[in-house]
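Single-structure report; data block below.
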Amino acid sequence: MGNEFLFSIIIPVYNTEKHLHQCLESVINQSYSNIEVILVNDGSTDNSGVICEEISKIDNRVKVFHTKNRGVSSARNLGLSKATGDYVIFIDSDDWLEKNALESIFKVLQYRLYDLVIFGMVKEIGNKIIPMYPFQESKSYISKKEIECVLPQLISMEIVNSPIKIYKSDLIKKMV
C-alpha cells in the first residue's frame, strides 16, 4: 500500500499529562505513517508542554506550538493554520486511536475523495468499553437534500463533535 495522502493530525493540549503519552503513542505508531502531528500546547500549567517537546525530539513528524490559554477552538484553529496535509483530523489529548485507524480511513479514501469521513468511537468507563457511535455500514451522502435529512440525526447522536471526523484540508480551511 502506498502512502498517497498526508494526514495532518491536530491535537490541542491543555493539562492532560496523565493521558498525553497514550494519545501521542497511538498517533505516532499508526500503521499508516504518512502523517504530520501538530501539537498545540494551549497554556498548560502541568508537564504537558514538556511531554510535547520530548515527543517532537523523537519523531520529526511532530511539530509543537505553544500559546497562551485561549481554549480548544483557538488551539484547533492555530493547528489548522499550520497543517499541510491533504486531510485533517482533530484528536483530543486524552483520546487515542486504534493502531490501524488511519489505514482504514486511507482505504476508504482510495476509492473516493470524500470531503468528510465520520468514524466510530468508544468510551472507556472503568473497565467497560462502550460503543458511542458504532457505524455498522458505510454510507455516502451526495446531495444537499440527503445531507439535510441526515444532519438532525447526526446532531441528536452528537456526531457533530470534532474528534470523530476527518476533513478534506482545503474544505475545512475555507470554513474557518
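Per-residue accessible area (protein heavy atoms, 1.4 Å probe) orders Tyr87, Tyr111 as Tyr111, Tyr87, starting from the largest. For segment 1-113, carbon and sulfur atoms together expose 47% of the accessible surface, with a 1.4 angstrom probe and every protein chain in place.
Accessible surface of Arg70, taken over heavy atoms with a 1.4 Å probe and every protein chain present, rounds to 150 Å². The Cα trace of segment 12-87 gives Rg and Dmax of 11.8, 33 Å, the first to one decimal, the second as a whole number.
With the cut-off at 22 Å, tell me which of the pairs Lys82/Lys174; Lys99/Lys174; Lys99/Lys165; Lys18/Lys99; Lys99/Lys173; Lys82/Lys173 have Cα atoms farther apart than that. Mind dumping the intermediate values first?
Details: Lys82/Lys174 14 Å; Lys99/Lys174 30 Å; Lys99/Lys165 16 Å; Lys18/Lys99 20 Å; Lys99/Lys173 27 Å; Lys82/Lys173 11 Å.
With Cα atoms farther than 22 Å apart: Lys99/Lys174; Lys99/Lys173.
Placing dummy labels 7 Å off each Cα toward the beta-carbon, the span from Ser31 to Gln110 is 1.1 nm.
The values are calculated or read from the model by the stated rules, or taken from the named source; none is laboratory data. Computed from a predicted structure; not experimentally measured. FYI the Cβ positions are ideal-geometry reconstructions off the backbone, even for glycines, and counts take in every protein chain you see. Each accessible area value is taken on the protein alone, full model and side chains, heavy atoms only, with ligands, DNA and RNA left out. Shrake-Rupley method; radii C 1.70, N 1.55, O 1.52, S 1.80 Å.
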